[in-house]
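The values are calculated or read from the model by the stated rules, or taken from the named source; none is laboratory data. No experiment lies behind these values; they were computed from the predicted model shown. Here Cβ is always computed from backbone atoms with ideal geometry, including for glycine, and neighbour counts include all displayed protein chains. The accessibility values were calculated without ligands, DNA or RNA, using every heavy atom of the protein model including side chains. Shrake-Rupley method; radii C 1.70, N 1.55, O 1.52, S 1.80 Å.
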Amino acid sequence: MSKQVIYLDYAATTPVDAEVIAAALPYYGSTFFNPSSAHTLGQVAASAVEFARRACEKAINADRGTVRFTSSATEAINQVLKGIEIPEGGKIVISGIEHDAVKACAERLEREGKRVSIVMPDVNGMILPDALEKELKNGDAALVCVMTVNNIVGSIQPIKELAAVAHNRGALFFTDAVQAVNSTEINVKDTDVDMLCVSGHKFYSLKGCGMLYVKNGVKIKPLLDGGNQEHGNRAGTVDVPAVMAFAEALTKAQNNVDSYNAHSKKVKTAFLNELKYGVFVKTSEQVDDIVSVAYDGVDSGRLAVALSMAGVCCSVGSACSAGSATQPHAIVNMGRKDLGQTVRFSFGKPTTVEQAVAAARIVNETVEKLKGSVE
Ligand code: PLP
């Protein structure tokens, strides 16, 4: 490939940092042992896993023994929604901007006879504490799920206030913090969430490793039957190199939130300043590494494909088939009927201002070519 491709899809996944690879490497080689083995070598690997767990707990200000490793955030989300006991007549409340992992779990539970309701965002992408209060007023909710940072529009939710509303009404509070790790300080004591999940490949660690925080005293049934790994909370041999990498990356990300945000702001400003067309989907509180742009009269699926061919890799942020896209449900639920179809650009640590400007110019030219493709 001779043409330089500009990757603006870091919300989909990130490359792995060199230090993060270095943290994993010994556990592929000299210390390859199974942490469940009772012998001394297995116990070396087990100590490493406990070291990683403690590092993750420290990174999010959690108590000892509250973090468990999973294969992904999707698995952690499934464990929460399917593993929390919902009393007879009780309901689960999810927000209208959740990732498909939460949405699909809730839909399955509903098909199986559980009660599920949705608290909608306002037009600015926010789940307001008052809106949640209305949804909980009957006191019959057992679990509330609101993500920390939305993956499509980048809105930052008032998690501390929302968790307090849930607790006042006797519900547990879970937050999917997958898109928050690079840009937001996570402090589970301060926000008082009961459960929280993150995913390594979104913060410069390996794919296939996630983490679930569960506050002491909160009971969740395991998702998988099998061995007694993760203190009986998650069966299956622990991927030791992956959790070592994960702990290194989580610590690094949480230590560098300010510089990460300063960089993202520069890149985002350069990108938006150069864009000639489209409406940037602004929300009240917003991260700087996720930018959705709406285009009137342009099919976002076709635009994303045309951009990919022109050298800019971005996302439509929702299922896209045969070159046509539907609007992501987060934007539909915000009630933004005024907006055309959206494309999501997301920036990362390697994104330069020059790349942002060059990408925006390619977007301008591509939109010009596609104008009028939606009847
Ligand atoms: N939640 C959010 C907000 C996400 O953006 C993603 C990934 O796109 C997930 C959950 C799923 O994470 P994983 O890839 O670890 O299953």
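Against the empirical curve 2.2 N^0.38 Å, the C-alpha radius of gyration of region 9-96 lands at a ratio of 1.45. Take the Cα of Asp100, step 7 Å toward its Cβ, do the same at Thr251, and the gap between the two points is 3.5 nm. Estimated from the Cβ-Cβ distance and a Förster radius of 45 angstrom, the FRET efficiency linking Glu365 and Asp122 is about 0.80. When +1 charges are put on Lys and Arg Cβ atoms and -1 charges on Asp and Glu Cβ atoms, the dipole computed for the chain relative to its Cα centre reaches about 200 debye. Here the extension length gained between Glu50 and Ala235 equals 65.0 nm, from 0.36 nm per residue of separation less the Cα-Cα distance. Between helix 100-111 and the chain, what is the angle of the helix's C-alpha long axis to the longest principal axis, kept within 0 to 90° and rounded to the nearest 10? Helix 100-111 sits at roughly 70 degrees to that axis.
Tell me, what is the percent relative contact order of region 89-195, built from C-alpha pairs under 8 Å that lie six or more residues apart?
Numbers: 184 pairs, mean separation 27.7, N = 107.
Dividing the mean separation by the residue count of region 89-195 yields 26 percent.
FRET efficiency for the pair Ala22 and Ser259, taken as 1/(1 + (r/R0)^6) with r the Cβ-Cβ distance and R0 = 30 Å, rounds to 0.90. Report note on the peptides 166-172, 218-224: ranked by the mean count of other C-beta atoms within 10 Å, highest first, their order is 166-172, 218-224.
Counting Lys and Arg as +1 and Asp and Glu as -1, each charge on the Cβ, what is the dipole of region 37-96 about the Cα centre in debye, to the nearest 20? Can you show the working numbers first?
Working: 7 positive and 6 negative charges, 31 e Å.
In debye, rounded to 20, region 37-96 gives about 140.
Treating region 213-313 as a set of equal point scatterers at the Cα positions, no solvent, please give the Debye-formula log₁₀ I(q)/I(0) at q = 0.20, 0.24 Å⁻¹. Log10 I(q)/I(0), no solvent term: -1.05, -1.32.
Defining a contact as two alpha carbons under 8 Å apart and six or more residues distant in sequence, what relative contact order in percent does the chain show? Please report the intermediate quantities before stating the final value.
Working: 788 pairs, mean separation 85.4, N = 375.
For the chain, the relative contact order is 23 percent.
Lys and Arg at +1, Asp and Glu at -1: add these up for the other residues within a Cβ distance under 12 Å of Ser259 and post the number. Write out the running numbers ahead of the final one.
Working: positive: Lys252, Lys265, Lys266, Lys349; negative: Asp258.
Counting the neighbours of Ser259, the net charge comes to +3.
Think of a 1.4 Å ball rolled over the protein heavy atoms: the chain then has 43 Å² of accessible area per residue.
For region 273-372, the alpha-carbon coordinates run over 34, 32, 23 Å along the three principal axes, in decreasing order.
For the pair Asn228 and Asn273, label points projected 7 Å from Cα toward Cβ lie 6.1 nm apart.
Across region 236-248, computed HN-Hα scalar couplings (Karplus, 6.51 cos²θ - 1.76 cosθ + 1.60, θ = phi - 60°) run x, 4, 5, 7, 4, x, 5, 6, 5, 5, 4, 4, 4 Hz from first to last residue, x flagging Gly and Pro. At R0 = 25 Å, how high is the FRET efficiency between Lys134 and Glu110 if r is their beta carbon distance? Nearest 0.05 is fine. For R0 = 25 Å, the calculated efficiency reads 0.80. Helix 353-370 and the longest principal axis of the Cα set of the chain meet at an angle near 60°. Within the same chain, lysines fewer than 8 places from Lys265 are excluded, and of the rest, those with a Cα less than 21 Å from its Cα are Lys202, Lys252, Lys276, Lys282, Lys349.
Within the chain, antiparallel bridges make up roughly 55 percent of the DSSP beta bridges whose residues both belong there. In this rough spin-label picture, where each label sits 7 Å from Cα along the Cβ direction, the Lys58-Asn168 distance is 3.7 nm. Taking only protein heavy atoms and a 1.4 Å probe, the accessible area of the chain is 52% carbon and sulfur.
When the Cα convex hull of the chain is projected onto planes of every orientation, the mean area is 19.6 nm². Relative to the longest principal axis of the C-alpha atoms of the chain, give the angle of the C-alpha long axis of helix 159-168, reported between 0 and 90° and rounded to the nearest 10°. It works out to around 50 degrees.
Given +1 at the Cβ of Lys and Arg, -1 at the Cβ of Asp and Glu and no other charges, the dipole of region 200-357 around its Cα centre is 220 debye to the nearest 20.
Starting from region 167-248, pick out the GluC sites (Glu not before Pro) whose DSSP state is loop and whose Cβ has at most 16 other Cβ atoms within 10 Å.
Values: sites: Glu185, Glu230, Glu248; in loops: Glu185.
Passing sites in region 167-248 are Glu185.
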